[in-house]
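The values are calculated or read from the model by the stated rules, or taken from the named source; none is laboratory data. As the structure is a computational prediction, the values presented were derived from the model and not from experiment. Every residue, glycine as well, gets a Cβ built from its backbone with ideal geometry; the counts of neighbours run over all protein chains shown.
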Ligand SMILES: [Zn+2]
């Protein structure tokens, strides 16, 4: 059987692979077998029982040794503040899962030899980031929304702004089911660590646009760029409007093998694909500002 330290490290690697969360180690949970496979445990090792004798009550409790080992390792991670326990996570995300903390995330990256700079772009959940996501997705939609955050520092990155950034990215990408709101593209990396789709600010960061769900929209890289430079915008009813200047471009601009990334949406009255809940859709005040200040008529 592997040592507890080896299991702890395997758990941290598994957490990173599974986006920062793994289920409790109940029977039938895939994670239990997944880590057992990693250590090449045979059938006998997987089904070995551990007998605990309760002398006072004069009874013997049998539990699976492998489950016990997994639990002990996870418990040690929790004591060192590298993960939160399922009971603690439940309060935040309503899921009974072990969840990475920021400290655990850093440790997991180190174990997997992934540079810490990549942290910014990974969709991995952490307890601290999920707290921000919860706040962002549960904020009541304001009637009169101000898409500008006057106190925002646009040049300096602090630990707090880095966390807020990741919370923003995660809340937006999840709300759009990891798909581009314009073309619907959905794809992640082979190691499933990162999604192609990005969380775009409607009022851009450089104009002190807020990092919240009302000023965000999920877009693939091409449509994110095209939105930022003003090739298209959204109307108040979320129909996609493309710039009339597109017609002045040579026909081979903006198209690949006959698929036209922008003209496809010109004059079609196609609506952007937004979250089902109206509460978390982009706010008209943000969209209007984009139309008046970024979009090229
Ligand atoms: Zn797209």
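Computed quantities for the displayed model
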| quantity | calculated |
| --- | --- |
| Any hit, segment 148-156, residues being touching a residue at least 60 places away in the same chain (Cβ under 8 Å), farther than 16 Å from residue 277 by Cα and part of a loop (DSSP other than H, G, I, E, B) | yes |
| Matching option when the condition is farther than 17 Å from residue 210 by Cβ and out of contact with any strand residue (DSSP E or B) (no Cβ under 8 Å at 6 or more places or on another chain), among 295, 276, 261, 265 | 276 |
| Qualifying residue in segment 216-236 (condition: free of Cβ contacts under 8 Å to residues at least 60 places away in the same chain and more than 15 Å from the ligand (Cβ to nearest atom)) | yes |
| Filtered residues of segment 172-211 (kept if more than 14 Å from the ligand (Cβ to nearest atom), in a loop (DSSP other than H, G, I, E, B) and over 20 Å from residue 119 (Cα atoms)) | 202, 203, 204, 208, 210 |
| Filter result (outside any strand (DSSP E or B) and touching a helix residue (DSSP H, G or I) at 6+ places or on another chain (Cβ under 6 Å)) within segment 79-92 | 81, 82, 85, 92 |
| Unique match (being surrounded by fewer than 12 Cβ atoms within 10 Å (Cβ to Cβ) and in contact (Cβ under 8 Å) with a residue 12 or more places away in the chain) among 23, 62, 17, 56 | 62 |
| Test: residue in segment 249-264 that is within 14 Å of the ligand (Cβ to nearest atom) and either at pLDDT 95 or above or closer than 29 Å to residue 17 by Cβ (or both) | no |
| Residue match in segment 200-208 (condition: touching a residue at least 60 places away in the same chain (Cβ under 8 Å), touching a strand residue (DSSP E or B) at 6+ places or on another chain (Cβ under 9 Å) and within 19 Å of residue 280 (Cβ to Cβ)) | yes |
| Condition check for residue 73: more than 24 Å from the chain's Cα centre (by Cα) and buried (at least 21 other Cβ atoms within 10 Å of the Cβ) | yes |
| Test result for residue 27, in a strand (DSSP E or B) and more than 26 Å from the chain's Cα centre (by Cα) | no |
